[in-house]
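Following: one structure in structure tokens, then a few remarks.
What follows is calculated from the coordinates using simple rules that are stated; it is not laboratory data. Quick caveat: nothing in here was measured; it's all calculated off a predicted structure. For neighbour counting, all protein chains shown are included, and Cβ atoms are generated from backbone atoms with ideal geometry for every residue, glycine included.
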């Protein structure tokens, strides 16, 4: 096996190692439930991917958890409806 003829300096070693680091994950937002989701992944909160339901999340929950989840979903849908229903007075406000 060949051996290096000269030793690499500390600065050269450190410059090479400066690129080896943990990078922060990039998240996108689920359009259905507004939770943070990894890109190209199904939303674990609501079970939707690309606007269609992939799995039924409520079917896998217990009865108490299912009721709580349904309540959260209804509240979030009410918020969406209230945001969309703007009157002319609301639109004219700055």
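The table below gives the values:
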item: Efficiency of FRET between residue 70 and residue 40 - r from beta-carbon atoms, R0 35 angstrom, step 0.05; result: 0.80
item: Acute angle (nearest 10 degrees) that the helix 63-84 long axis makes with the longest principal axis of the chain, alpha-carbon atoms; result: 80 degrees
item: Cα-Cα pairs of the chain separated by more than 19 Å (percent); result: 66 percent
item: Rounded FRET efficiency, nearest 0.05, which uses the C-beta distance separating residue 58 from residue 78 and R0 of 22 Å; result: 0.75
item: Rel. contact order, % - alpha carbon contacts under 8 angstrom, at least six apart, region 1-60; result: 16 percent
item: Calculated [θ] (222 nm, deg cm²/dmol) that DSSP helices of n ≥ 4 give over the chain, each run adding -39,500 (n - 2.57); result: -11500 deg cm²/dmol
